[in-house]
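Inspection log for the structure reproduced underneath, given as structure tokens.
What follows draws every value from the coordinates through simple rules; no lab data is involved. Quick caveat, the model's predicted, so the values are computed rather than measured. Neighbour counts are summed over all protein chains in view; Cβ atoms, including those assigned to glycine, are modelled from backbone coordinates with ideal geometry.
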Amino acid sequence: MSAPYFLEHIWLIPLFPLAGAALMLFFGRRLPKPAISTICVGSVLVSFIYALGAAVTLCSWPAESRSFEKILFQWISAGAYHTSAGLLGHFTADWGFLLDPLSVVMVLIVTGVGLLIHIYSVGYMAHEGGYYRFFGYMNLFMFSMLMLVLANNLLLLFVGWEGVGTCSYLLIGFYFHRKSASDAGKKAFIVNRIGDAGFLLGIFLISATLGTIRFTEIPAALLAGHFAIGAGVLTAATLLLFVGATGKSAQIPLYVWLPDAMEGPTPVSALIHAATMVTAGVYMVVRNNGLFRMAPFTMEVVAVIGAATALYAATMGLVQNDIKKVLAYSTISQLGYMFLACGVGAFAAGIFHVMTHAFFKALLFLGAGSVIHAMSGEQDMRKMGALFRKIPVTYRTMLVATLAIAGMPPLAGFFSKDEILGRTFGVNHLLWFVGWITAGLTAFYMFRLLFLTFHGHSRVSHEAEHHLHESPSTMTVPLMILALLSIVGGWVGIGGRFEKFLDPVVGRGAAVTEGAMAPTTEYTLMLASVIVGLAGIAVAWQMYIRNTALPGRIAASCGALYRLVYNKYYVDEIYDAVFVNRTKDLANTLWAFDAGVIDGAGVNGVGFLTRLIARISMWGDTWIVDGSVRVSSRLVWVLSFPVRLLQTGLLQSYLLVMVVGILGLFGYYIFLFRH
């Protein structure tokens, strides 16, 4: 195949997983497991090959020309109109695909990490029911995310956006026989719909203001509209877009669905947290960085929400005992870092952290899955300990990922997190301090997880101890590949190479430019981030290895504060009291009105009248109603005769009356229109 072939056929990249999903959902029940594995893993492998071919081709072009758009057909056309900026708009939405440096990074993350997760799933789900259904949903998830990152306009991006939301509902609730899993799926779906309502309004406002929703046309429309920086309409539009991002990427206040998403199988958690869905909000903000730069207030909101979420989620990660819940709050915190980067104008740094985070977070979740697999389903870290000898491959790979997320050099997380903190320091010292404290907390709770799980004395039950074993190669090989990527993945950012690669899409950042920070300041900040990480590790070592009684004493001394954090600040309970239960009350009130008034006086009343007349019976020369009420035979005849004619009991007669009535209404309105 010639190189241009891959660019001309980028539309096939999402199509392969879609084909796999269709085969599974229509014919998967009849297929053996090896065939299911081959089809579903193979479809993602082919997508990865095509993505890699397209990326290599695009990177061979000059930097200023690295953008390729493939439009298959015009999807929606709504005619011409005048925008609020006085521009002549013609609303169209193509079914088109855009490949540029930003989408290259994202499509390689999605297909590459997604492929490793699919391979891992073959071993992890080998003995689970619904095997074909699981892989069908996973392939559909891949299709949706690839549509999202390759779409050339906001509306097609929204199709992928809604697709990953639907797939998350299906996969989080995969074990639908468990009420907790089905509830978690519904919670994820509903919370994301709230955010998506804001996102959709943002798309409408951008279309009405600029006359286009195509990414390649938005910069020119901004110039043609002569918008001032901070224009109210752009601030409103970007804030609405960000509402969608807070839902999809689990930021305050719409983060509450993500911890409960751990009810799904562990590979699902890895796919949602590392390669798909939760990174969608960050990608959307970076993709629309031109709009966000024009709205400084929105940028401040993004930065503050990102920093607050990073710290807030990290505090909850300190006290969780479920191994997957710790990683869930870690993801929310790391996503906060990404939005912090975007909010200070360091969009390239945000995407850099998306990439490195995909490596070590996928590794952490898959490693946790390997632990759970070895422990026969146990997820409570208090029932683990001393596992490093029993599952050595899992331990070593998770150690690499833990060092990476703690920001230890020279692993991937060090480079991306240091870039974010450095850029933040140049804009806002307070936000940098929040990010710096969060880095220390991250190192602490991640090494708490590592020490409780793999070190100390064994707390494994007698039953589980007999089944302890290392995972099969289908699970450990992806772990080793991800460990390698977690080591070397950050090196692409040395010398600003990653940022230069993204320059055609995101530029240099509004607030901080290359060379703006003195080398001594840069090295000092780098040293500070390493020191706070080492401090977090040292405290975790002291509390969970040297003096294991210390955590209990601290928890007892903190009392109400510890309970507040342990119960996740009671946010779910507050949401239930203020929103969920009040919505239920409204629904019950409307139901009572419907049952009492609509059904009672309307539907049931008409039915009662019909039954009343139909039950009139003749006795002698008088008519008796229900054996008590005497009425005139002539009156009864007048009342009952037309009703008896209408109540034939034949469905086709009723339909004929409805059609005649509808035609009569149409005729009446046509008559009114003509006169």
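Using alpha-carbon pairs under 8 Å, 6+ residues apart, how would you state the relative contact order of the chain in percent? Averaging sequence separation for qualifying contacts and normalising by length gives 11 percent for the chain. Only one residue of Leu550, Leu502, Phe16 has its Cα farthest out toward the positive end of the dipole of the chain, where Lys and Arg carry +1 and Asp and Glu -1 on Cβ, and that residue is Leu550.
One entry in (i) 44, 33, 22; (ii) 48, 31, 24; (iii) 52, 34, 26 is semi-axes √(5λ) of the Cα gyration tensor in Å calculated from the shown coordinates; its label is (iii). Placing unit charges on the Cβ atoms only, positive for Lys and Arg and negative for Asp and Glu, gives segment 128-256 a dipole magnitude near 340 debye about its Cα centre.
When only the Cβ of Lys, Arg, Asp and Glu is charged (+1, +1, -1, -1), the dipole of segment 231-324 relative to its Cα centre reaches about 280 debye.
A straight chain from His469 to Ile545 at 0.36 nm per residue would run longer than the Cα-Cα distance by 25.0 nm. Near Lys383: Cβ cut-off under 13 Å, other residues only, Lys/Arg at +1 and Asp/Glu at -1. The net charge is -3.
Candidates Ala341, Met299, Leu146 compared by Cα position along the dipole of the chain: farthest toward the positive end lies Leu146, with charges placed on Cβ. Here's the list of aspartates and glutamates a cross-link from Lys500 could span, going by alpha-carbon distance under 15 Å and ignoring same-chain residues fewer than 8 apart: Glu64, Asp100, Glu419, Glu514.
Gain on full extension, evaluated as 0.36 nm per residue between Lys383 and His429 minus their Cα-Cα distance, stands at 12.4 nm. In summary, the convex hull built on the alpha carbon positions of segment 307-409 has an orientation-averaged projected area of 6.6 nm². With a cut-off of 12 Å between beta carbons, the residues surrounding Gly350 carry a summed charge of +1, where Lys and Arg count +1 and Asp and Glu -1. May I ask for the net charge around Ala270, where only other residues with Cβ less than 15 Å from the Cβ of Ala270 are counted and Lys, Arg are +1 while Asp, Glu are -1? Here the count lands on +2. Computed about its Cα centre, the charge dipole of the chain is approximately 1040 debye, with only Lys, Arg, Asp and Glu carrying charge at their Cβ.
Axis angle, to the nearest 10 degrees, between helix 429-454 and the longest C-alpha principal axis of the chain: 90 degrees. The packing ranking, built from the mean of other Cβ atoms within 10 Å per residue, places the peptides 434-442, 349-357 in the order 349-357, 434-442, highest first. If R0 equals 22 Å, the separation of the Cβ atoms of Val477 and Ser376 corresponds to a calculated FRET efficiency of about 0.50. Across all directions, the average flat footprint of the convex hull enclosing the Cα atoms of segment 358-511 is 10.3 nm². As a rough guide to protection, the peptides 458-471, 374-387 ranked by mean Cβ packing within 10 Å, highest first, stand as 374-387, 458-471. Between the beta carbons of Ala555 and Ala587, assuming R0 = 35 Å, the FRET efficiency works out to 0.30 to the nearest 0.05. The alpha carbon centroids of segment 403-465 and segment 116-176 are separated by 28 Å. Were the residues from Ile194 through Thr92 laid out at 0.36 nm apart, the gain over their Cα-Cα distance would be 34.1 nm. Applying a threshold of 26 Å to the alpha-carbon distances of Lys186/Lys383; Lys186/Lys324; Lys186/Lys325 flags Lys186/Lys383 as lying beyond it. Taking the average, over residues, of other Cβ atoms within 10 Å as the packing measure, peptides 49-61, 659-671, 411-423, 492-504 rank 411-423, 49-61, 492-504, 659-671 from highest down.
Once both axes come from the Cα atoms, what is the angle between helix 12-27 and the longest principal axis of the chain, in degrees from 0 to 90, rounded to 10? Around 50 degrees separate the two axes.
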